[in-house]
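A short write-up of the structure that comes next.
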Amino acid sequence: MTEDNYRPTILIVDDEEMVVTSLRNLFRLQTDYHIVTYNLPEKALEDAGKVMVDLVITDYLMPRIDGISFLARFKEIQPHAVRVLLTGYADKENAIKAINHVGLYQYIEKPWDNEALLMVVKNGLEKRGLLRALEKKIAELDQAHTSLKSIQTELIKAFM
Amino acid sequence: MTQHRVLVVDDEEAARYSIGKALEAAGYAVEVASTAGEALKIQESFNPDVILTDISMPEMNGIQFIQQLRARPLPPPVIVVTASHTYDIAVQSLRQGAADYLTKPFDLEQLRNSVRRAIERRQLKLENLEYQRELEEKNRRLQEAEEMLRKHALELEERVQLGTQALLETELRYRELFNLANDAIFTVDAATGQILEANLQAEKLTGYSGEELSNMKVQDLYSKQELERVAKFESELAKAGCGCGVTGDIPFRTRDGQRIVLNVSCSMIEMNARQVINLMGRDVTAIREVEAELARYTQELEQKFEEKKKQLLQSQSQLVQAEKMAALGSLVAGVAHEINNPLGSINANNDILALAFRKVQDFVRLHPPGDGTDAEQELDEIRSIGKEALQTNRMACDRILKIVRSLRNFARLDEAERKKADIHEGIESTITLVAHEIKGRIRVTKEFGNVREIECYPNQLNQVFMNMLVNASQAIEGEGEIRIRTWEQDNTVRVAISDTGKGIPAELYSKIFDPGFTTKKAGLGTGLGLSICLRIVQDHGGRIEIESQVGRGTTFTIILPVEGAPERKTND
Ligand SMILES: Nc1ncnc2c1ncn2[C@@H]1O[C@H](COP(=O)(O)OP(=O)(O)OP(=O)(O)O)[C@@H](O)[C@H]1O
Ligand SMILES: [Mg+2]
């Protein structure tokens, strides 16, 4: 990680209260991530603009909006968030199809393995971190470029 | 006794009278005539048995009278009565045929005797005549018979002649046939087997000449390797006895050692007090070979057929297996889905609790009681996490328990036999199991009526409910409603499952029950669901009704007799 004090934000969406609670507590105990949870995907989408999310975990089978449509819509709002899908036994095929469609980082089968889940999330965040660092570098370069440009302008001005 | 009639002819009245009186007194019927002419007339009507006549009479004398009379048929005897005692007249009258003559005067005794004798004689003569006629009749008949006999004899002779000729012809024809026949014919002495006669074809088939055959026994011709077949045939022939034919295949050996099979017809007859076997054989070697080939081929075909049948049965059983899997697949998917969440939660919470426990231990080690305030806050958080984990686990366990109970209730593995059951229980369990299909998206309304328990196989009915509920939920795109109503009507319990799904066009009503018919994407449906439902419901003596409107929804009504199917084959 490039930033020492950065606290990543994780969004968890599952219509099952017990799943949300269990995941939240798992992360609370094992990590220092900032955890945001929702039971209703539409509510999560409503609030999507409010908090910057680094990684989103969503269930596949949910009433009204399934996990893939949810991720597709969330991607439009926060394209940089890493997307992870939780799938049931029968939804695996759909998940695989979705990998390219919504740019899925990884899918995790229910019932999930805690260690594996934590690892996937950690790796996802690392990728996100690298991207963030890259963005920052680019921004810095942009910045440098701009300042160089202004210096150049100054210089031209001075010599003219 | 009949009264004899006497006609008295005399030109003298006194004579007529006295004679008449005398004869009447003697018991005769008497008529009198005064002339011969009159007498001839009377004779015709009176038909006297005897006539007494005078000789000398006017007009016609007695002799003439007799002559006239004699011209008539069966003239009565005439006794001449004459006064003139002359030998001459007597002789003349007797010559003319008079029966007697009396010379006047005669006494009555003489008269009566003469009349009696004449009558007797006439009687005898008449009888004689009768006999003679009879004799003649017999003679005639005899002659007729003789004639007939002669004719018969003639005919017979003719026939014999014809017969002999026919016999000769038959013999000739028989010879001709005997030698022309396409079949080998042997005549064999039954006792020794000696060949008595053999036709041309027999010579041709066996390869032996007629001369050789006449010195052989029929058993010399049989194929030595297959004598038991011959023996069997011979015993059959013996059993059949004289006059009965026996048919069968007998292997022969030709002069040059070739094996030929003759289809033989045999019969035993008695000829000149010895038993002779007529044996007629047709060469069927080639036919039998073809037949054997055919039999082999048939057997091969049968074997192939059996194999195909086995394959078919196998694929059928695979289909049955597939049917079971279709029902099971849905069930497994449902159960797996439903168990995933609580199981995942319990798993997570186990780790959480273990971690929390370790953290508390660390905490206790690092911070003896009543230490810093900062740490208290951390401990509180751990405590709340642990509490939540325990609560969640309780919930998760409850959920799993409910699912497992439903599963058991659904499958009713312990009750695979027919029993009285409340269908509501089955419907409830099924709803739990298909919850993942329905979850949030579909509202399920139950309108359970007051229905009796029904005679059924509960696990099978649950399969029906599940297939229907899954179909209903799959027919609903997005949000919708499934309504389940139950009621009793006409001794049947009815379950109506209505959905607000896409509906079914009427022309598909019958098709959707065909095994394999599906409108769902590959991988989503096997198309077996409804066919299984229909079979189960029919096995229960019930039926399924459909009501649907495209774009609005569908209602399937399951109608089950309360007392179950009348009789059922054993469950496979
Ligand atoms: N409630 C319903 N509403 C609309 N269509 C239905 C309904 N139930 C059945 N069908 C139609 O009938 C077809 C046959 O149903 P069936 O249950 O036999 O097979 P399936 O559902 O396609 O496959 P499976 O049951 O193996 O998943 C379905 O494909 C669907 O087109
Ligand atoms: Mg179906």
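Only the coordinates and a few stated rules stand behind these numbers; no lab work does. Quantities reported herein were computed from a predicted structural model and do not represent experimental measurements. Positions of Cβ are generated from backbone atoms using ideal geometry, with glycine treated the same way; all protein chains shown enter the neighbour counts.
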Considering only chain B, what is the antiparallel percent among its DSSP beta bridges, to the nearest 5?
70
When only alpha-carbon atoms are used, what values of Rg and Dmax, in angstrom, describe segment B:53-92?
10.4, 31
Placing unit charges on C-beta atoms (Lys and Arg positive, Asp and Glu negative, everything else neutral), compute the dipole magnitude of segment B:5-131 about its Cα centre in debye, rounded to 20.
360
At most 15 other Cβ atoms within 10 Å and a DSSP loop assignment: could you name the trypsin sites (Lys or Arg not before Pro) in segment B:472-552 that fit?
B:Lys520, B:Lys521, B:Arg552
Mean residue ellipticity (222 nm) of chain B, computed from DSSP H runs ≥ 4 via -39,500 (n - 2.57), nearest 500
-18500 deg cm²/dmol
May I have the pair-distance distribution P(r) for segment B:181-283, computed from all Cα-Cα distances with 10 Å bins from 0 and rounded to whole percent?
16, 54, 28, 2
Going by the alpha-carbon gyration tensor, a ≥ b ≥ c the square roots of its eigenvalues, is segment B:5-131 rounded (a/c under 1.5) or, if a/c is not under 1.5, prolate (a/b greater than b/c) versus oblate?
rounded
According to the Cα gyration tensor, what semi-axes, each the square root of 5 times an eigenvalue, does the equivalent ellipsoid of segment B:486-539 have, listed from largest to smallest in whole Å?
24, 15, 11
Could you work out the percent of alpha carbon pairs in segment A:3-131 separated by over 25 Å, rounded to a whole number?
14
Which of A:Trp112, B:Gly245, B:Leu227 sits closest to the plus end of the dipole of the protein assembly as shown, meaning its Cα is farthest towards the positive end, when Lys and Arg get +1 and Asp and Glu get -1 on the C-beta?
A:Trp112
Ratio Rg/Rh [Cα only; Rh per Kirkwood] for segment B:150-233:
1.24
Mean other chain Cβ within 10 Å across B:350-356 is 5
Once you charge only the Cβ atoms, +1 for Lys and Arg and -1 for Asp and Glu, what is the size of the charge dipole of chain A about its Cα centre, to the nearest 20 debye?
520
For A:103-116, mean number of other protein chain Cβ atoms within 10 Å:
3
List the aspartates and glutamates whose alpha-carbon lies under 17 Å from that of A:Lys157, not counting same-chain residues fewer than 8 positions away?
none
Over chain A, what is the relative contact order in whole percent, taking alpha-carbon pairs under 8 Å and six or more residues apart?
19
What does the C-alpha gyration tensor say about the overall shape of segment B:499-567? Classify as rounded when a/c is under 1.5, otherwise prolate if a/b is larger than b/c, or oblate.
oblate
Counting as exposed only GluC sites (Glu not before Pro) in DSSP loop states with no more than 16 other Cβ atoms inside 10 Å, the longest exposed-site-free span of chain B is B:60-416
How fast does chain B diffuse by Stokes-Einstein, in µm²/s, taking the Kirkwood radius from C-alpha pairs at 20 °C and 1.002 mPa s?
54
Tell me which aspartates and glutamates have Cα within less than 16 Å of B:Lys446's Cα, excluding those fewer than 8 residues away on the same chain?
B:Asp422, B:Glu425, B:Glu428, B:Glu481, B:Glu488, B:Asp499
Hydrodynamic radius by Kirkwood for the protein assembly as shown, inverse mean 1/r across distinct Cα pairs, in Å, is 41.9
Which lysines have a Cα less than 24 Å from the Cα of B:Lys439, not counting those fewer than 8 places away in the same chain?
A:Lys43, A:Lys92, A:Lys97, A:Lys110, B:Lys402, B:Lys502, B:Lys520, B:Lys521
Could you work out, residue by residue across A:10-22, how many beta carbons of other chains sit within 10 Å of that residue's beta carbon, and then give the average as an integer?
5
